[in-house]
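Visitor: Below: one structure in structure tokens.
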Amino acid sequence: MLLNVLNKPLARSILTVLRSKDTDQISFRKSMVRLGRLLGYEIADNLTHTEIEIETPLSKARGVVIKDLDNIVIVNVLRAATPLVEGLLKAFPAARQGVVVAKRQEGTFKRDTGRIDVDIYYSKIPDIKPEDAVIIADPMLATGSTVLKVLELVRSKGSPKTTVIVSVIASKDGVNRVLSLDHPPNIYTVEIDDELNDMGYIVPGLGDAGDRAFG
Ligand code: URA
């Protein structure tokens, strides 16, 4: 499935903490890490697995192996994604990692196109192999402008088997824009909000994820 919304009480309750304006920086960051872990497990559940037979100390047993766990690349869209990536790494401890420093140019959001200008200041992404699953982590999928730029950078490094964009809140417009690509990535998020405000922020959203996590 291309769009995966984690409509589950535990994930939603953690997102509720993130959304509240009364949540302090420490609780915010910890909650983002927890959601990263849950989203990671959800992604892992949808990776290809094969049935195997193994031997326990007593007998033979059927089991499952997920080979793709060794072929994960996580791209951290700095700075806001850092606590989300910390959680994802609990689900994918063997992941290779890339970083992209991206900044939206505030005040450039255009409602008619749904786009905002984004500057990429630095990127370092490992070479992508055909068997890789690439997870682009950006906690807020708002206009989609940032993740689409990051997606281009990833695809310039190779053609992965799977590409996933993981966020905690997405906007309807951002989701539609990403899914309208010729080769759309999968999207994992916890909830989808209806609106973007005039600055291109998600409403009700949770505010600026970077500011709230880093103080
Ligand atoms: N980035 C954020 O941190 N929050 C939004 O609502 C949109 C982009």
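Visitor: Return the total of residues in the range 141-174 being more than 24 Å from Gly87 (Cβ to Cβ), assigned to a helix (DSSP H, G or I) and away from the ligand (no atom under 16 Å from the Cβ).
Guide: Result for the range 141-174: 2.
Visitor: Which residue is nearest to Leu10 (Cα to Cα), if the candidates are limited to the range 175-204 and must be within 9 Å of the ligand (Cβ to nearest atom) and in a strand (DSSP E or B)?
Guide: Filtering the range 175-204 for residues that are within 9 Å of the ligand (Cβ to nearest atom) and in a strand (DSSP E or B), the one nearest to Leu10 (Cα to Cα) comes out as Asp193.
Visitor: Within the range 205-214, is even one residue away from the ligand (no atom under 13 Å from the Cβ) and among the charged types (D, E, K, R)?
Guide: Taking every residue of the range 205-214 in turn, none turns out to be away from the ligand (no atom under 13 Å from the Cβ) and among the charged types (D, E, K, R).
Visitor: Pairs needed: first member in the range 146-157, in contact (Cβ under 8 Å) with a residue 40 or more places away in the chain; second member anywhere, among the basic types (Lys, Arg) and within 14 Å of the ligand (Cβ to nearest atom); C-beta distance under 8 Å; at least 6 residues apart or different chains.
Guide: From residues that are in contact (Cβ under 8 Å) with a residue 40 or more places away in the chain, the pairs are Thr146/Arg104.
Visitor: Say we look at the range 16-48 and pick out the residues that are in contact with a helix residue (DSSP H, G or I) (Cβ under 8 Å, 6 or more places away or on another chain) and outside any helix (DSSP H, G or I); which of these is farthest from Val85 (Cα to Cα)?
Guide: Within the range 16-48, the match that is farthest from Val85 (Cα to Cα) is Thr48.
Visitor: Follow-up question, since we're still on this one. Of all residues in the range 73-97, count the ones that are closer than 18 Å to Gly210 by Cβ, among the small types (Gly, Ala, Ser) and outside any loop (DSSP other than H, G, I, E, B).
Guide: 1
Visitor: I've got another one for you. Please go through the range 119-140 and pick out each residue that is within 16 Å of the ligand (Cβ to nearest atom) and in contact with a helix residue (DSSP H, G or I) (Cβ under 7 Å, 6 or more places away or on another chain).
Guide: The answer is Ile120, Ile136, Ala137, Asp138, Pro139, Met140.
Visitor: Return a yes/no flag: does the range 94-106 have any residue that is within 14 Å of the ligand (Cβ to nearest atom) and either closer than 21 Å to Leu2 by Cβ or polar (S, T, N, Q) (or both).
Guide: yes
Visitor: May I pose another question? Which members of the range 161-215 meet the condition of being modelled with pLDDT of 95 or more and at positive phi?
Guide: Hits for the range 161-215 are Gly200, Gly205, Gly207.
Visitor: Let me ask you something else. Identify the single condition in (1) in contact (Cβ under 8 Å) with a residue 60 or more places away in the chain; (2) touching a Leu at 6+ places or on another chain (Cβ under 6 Å); (3) small (Gly, Ala, Ser) that Ser171 does not satisfy, given that it satisfies every other one.
Guide: (1)
Visitor: Among residues belonging to the range 96-128 that are in contact (Cβ under 8 Å) with a residue 40 or more places away in the chain and of a type in the set (A, V, I, L, M, F, W, C), point out the one that is farthest from Ser145 (Cα to Cα).
Guide: Selected residue: Ile128.
Yes/no matrix, rows are residues, columns are (1) within 20 Å of Thr189 (Cβ to Cβ); (2) surrounded by fewer than 12 Cβ atoms within 10 Å (Cβ to Cβ); (3) touching a helix residue (DSSP H, G or I) at 6+ places or on another chain (Cβ under 8 Å):
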| site | (1), (2), (3) |
| --- | --- |
| Gly87 | yes, no, yes |
| Lys90 | yes, no, yes |
| Gln97 | no, no, yes |
| Val100 | yes, no, yes |
| Lys103 | no, no, no |
| Gly114 | yes, no, yes |
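The values are calculated or read from the model by the stated rules, or taken from the named source; none is laboratory data. On a predicted model such as this, the values are computed, not experimentally measured, just so you know. No Cβ is skipped: glycine too gets one built from the backbone with ideal geometry, and neighbour counts run over all protein chains shown.
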